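Structure record follows, encoded as C-alpha cells.
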Amino acid sequence: MFFVGIFCFFNVIILPMINFPRNFLWGAATSAYQVEGDNTNSDWWVWEKEKGLPQSGKACRHYELFREDFDLVKTLNHNCHRLSIEWSRIEPVEGKFSAPEIKHYQDVIAALKERGIEPLVTLHHFTNPAWFAKLGDWQNKDASIYFLRYVDKIVNALAKDVRYWVTINEPTVHVYYSYIFGTWPPGVKSASSAGRVMKNLLKGHVKAYRLIHKIYKSKGLNRPMVGFAHNMQDYVPCKNNLKNKLAVYIRNKFFNLDIIYSVLGKRALDFIGVNYYSRSLVELKKWGFKNLILDCCEGGHSALKKNSMGWDIYPQGLKHILLGLKVFKKPIIILENGICTEDDGLRWAFIRDHLKYMHEAISLGANVIGYVHWSLMDNFEWDKGFVPRFGLIEVDYVNYQRKIRESAKKFAEVCKTNSLSI
Ligand code: BGC
C-alpha cells in the first residue's frame, strides 16, 4: 500500500514519492460563523458588539457564495469538505425551527454531493444561539437536552446525504477560552463552571452519538461515522528533567487522552477527530499542582519557526500524537491542521512536512483515514478578527473575491495523486 522510492531514468531524477492509503479523505474545513456572515442570532454576534471586538459582519459571504466556493473545492481535487451548521440559524428562537434555514443547509450538502465531495458535518463549532446563552448556555443542567432537540431536527433533515458527523468541535478549547480565560463568550472565569461545561459538552456528544445512530437505523440507512473534533497539542519538555517529564505525562493524559477514554467507555465514538496545530513547551518553575498543569517555557528557548500568531511549527508532533492514538484502535481523521501566515511558501512547507510525518505514523500502524486542512479560505479568526490568514484560498474582504494560493495548488496535486513527492 505504501511505497517510497527513488526512480532514475536516463539520468533524470524523479523525487521520492510517498503514497497514502486507498480511499483516503482529502479536504479542507470551515466553520459556519467564521465564513458565512450575518449570523445575527448567535451569542458571538452579541459578544463582538458588547466587547468592541472585531466584527464578523459579512465574514466571507459564504452563505451566499457556497456554490462558487465548492466549485473551487472541486478544482482543488478535494474529495471531502468539513463544514458546520449554525445552530442559531436552525433554531433562532427557543423551540422554533426555521424551515428556510434547514433548506439552506440541505442545498449546501446537495451542492457538495453534486460535485462528488463527501461532506463532514459539524453540529457545534463554538457558537450558540443567543437565547441558549441567556438560559446559561452549557452551564445549564439541561444544556444537552436543548442541544439534542436541534440535533434531532438537522440530522433528520440531512441524514440521507451525510455519513460523517462531528458532534462538538474542540470541547477543551471551548472550555478553556470561554470558562477559564474568559476571553470568549460568556466570559466566565471559574474552575467549577469549566468543569460543569466540560461534563455537559461530553454528555451532549454521547447523547448526540446515540441519537444519530438511532435516526440512521430507523431510516434504514447505512451506519454513520460519528466522532468529535479534539484539539491535541504535543507536550514537549523544555529541559529534560523529572519535573518537566512528569508534567508532560500528566498533561498528555489529562488534556489529550482522558476525554477519548471517557467517550469510548460509553461506546460513543466511531472515529477519533484530531485537530493539531502546534506543540507546547513545558517548563516548570517549581513543584506544585498548578505548575504541573500550567507552566510553560517563558525563557525564549523555542528556536522554531512560528505562525503569525506565534505558535511553534512542529510537524513531528503530529506523528507523535497519531502514534499515541493507536492504543484506541479506532480510525483517525485529521479534522484540522493549518497555519496562519502571510508567507505562502511557509504554508506549503507546513503542509508538506505535516503530511510527511502523518505518513510516517501511518507506516507505523496509525489508522489515519483522512486529512482535512484548516482552512479552505481565509476567515474570521474569532477575537483576532480577519488578520490571521489560514486559507488555502485568499479572500479579499473588500470585494469578496477569492484567489487560489500556490500552496493550495500543490496540495491539490497531493489530493489528486494520493501521493506526495518529498
Ligand atoms: C478552531 C478554529 C480556529 C482554528 C485556528 C481551531 O482550534 O476549531 O475555529 O479558527 O483553531 O485558531
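Read-outs: derived from the displayed coordinates by stated rules, not from any lab. On a predicted model such as this, the values are computed, not experimentally measured, just so you know. Methodologically, a virtual Cβ is constructed for each residue, glycine included, from the backbone with ideal geometry; neighbour enumeration extends over all protein chains shown.
Each residue in Val162, Val274 was given a count of other beta-carbon atoms within 10 angstrom of its own, and listing them fewest first yields Val162, Val274. Here the 3J(HN,Hα) profile of segment 277-293, calculated from phi with Karplus coefficients 6.51, -1.76 and 1.60 at θ = phi - 60°, is 10, 7, 9, 10, 8, 8, 8, 7, 6, 7, 5, x, 4, 4, 5, 4, 8 Hz, Gly and Pro shown as x.
Take the Cα radius of gyration of segment 101-182 and divide it by 2.2 N^0.38 Å, N being the number of residues; the result is 1.25.
When the C-alpha to C-alpha distance is required to be over 23 Å, the pairs from Lys243/Lys306; Lys49/Lys189; Lys217/Lys330; Lys199/Lys290; Lys51/Lys134 that qualify are Lys243/Lys306. Taking Cβ atoms as reference points and 10 Å as the exclusive limit, the residues near Leu335 contribute a net charge of -1, counting Lys and Arg as +1 and Asp and Glu as -1.
Seen from Arg149, the other residues with C-beta closer than 13 Å to its C-beta sum to a net charge of -1, counting Lys and Arg as +1 and Asp and Glu as -1.
Sorting the Cα pairs of segment 156-309 by distance into bins of 5 Å, from 0 upward, gives 2, 8, 14, 16, 17, 15, 11, 7, 4, 3, 2, 0 percent per bin.
Taking other C-beta atoms within 10 Å as the exposure proxy, Trp184, Trp131 rank Trp131, Trp184 from fewest upward.
For Gly273, nonlocal amide neighbours, meaning residues 5 or more places apart or on other chains whose placed amide H falls under 5 Å from its own, are Phe228, His230, Ile333. If you bin every alpha carbon distance in segment 49-206 into 10 Å steps from zero, what whole percent lands in each bin? For segment 49-206, the pair-distance distribution reads 10, 36, 34, 18, 2. Dipole check for segment 348-413: with +1 at the C-beta of Lys and Arg, -1 at the C-beta of Asp and Glu, and the Cα centre as origin, the magnitude is about 160 Debye. Once backbone amide H atoms are built at 1.01 Å from N, Leu25 has Gly370, Tyr371 as its partners under 5 Å, excluding neighbours fewer than 5 places away on the same chain. Listed by chain and number, the aspartates and glutamates whose alpha-carbon sits under 14 Å from that of Lys285, ignoring those within fewer than 8 places in the same chain, are Asp295, Glu298. Compute for segment 121-240: radius of gyration divided by Kirkwood radius, i.e. Rg/Rh, restricted to C-alpha atoms, rounded to two decimals. Reported Rg/Rh, Kirkwood definition of Rh: 1.04. Close amide H contacts of Arg279 (hydrogens built in the peptide plane, cut-off under 5 Å, sequence separation of 5 or more or a different chain): Asp234, Asp312, Tyr314. Remark: segment 318-422 is approximated by an ellipsoid whose semi-axes, taken from the C-alpha gyration tensor as √(5λ), come to 28, 16, 11 Å, largest first.
Our summary of shape: the Cα atoms of the chain have principal axis extents of 69, 57, 46 Å, ordered from largest down, in whole angstrom. For the listed peptides 373-381, 216-224, 193-201, a ranking on the average number of other beta carbons within 10 Å per residue, highest first, reads 373-381, 193-201, 216-224. Please compute the net charge surrounding Ile260, taking Lys and Arg as +1 and Asp and Glu as -1 over other residues with Cβ under 14 Å from its Cβ. Result for the neighbourhood of Ile260: +3.
Sparse packing (at most 15 other Cβ atoms within 10 Å of the Cβ) combined with a DSSP loop state is found for none of the trypsin sites (Lys or Arg not before Pro) in segment 378-409.
Cβ-to-Cβ counts within 10 Å put Lys243, Lys286 in ascending order as Lys286, Lys243, the fewest first. Each residue of segment 108-124 was assigned a 3J(HN,Hα) from its phi angle through the Karplus curve 6.51 cos²θ - 1.76 cosθ + 1.60 (θ = phi - 60°); the sequence is 4, 5, 4, 4, 5, 4, 4, 8, x, 10, 6, x, 10, 10, 9, 8, 9 Hz, with glycine and proline shown as x. Rounded to the nearest whole Hz, the Karplus-based 3J(HN,Hα) values (6.51 cos²θ - 1.76 cosθ + 1.60, θ = phi - 60°) of segment 129-143 follow the sequence x, 4, 5, 5, 4, 5, 7, x, 6, 6, 7, 5, 5, 9, 3, with x at glycine and proline.
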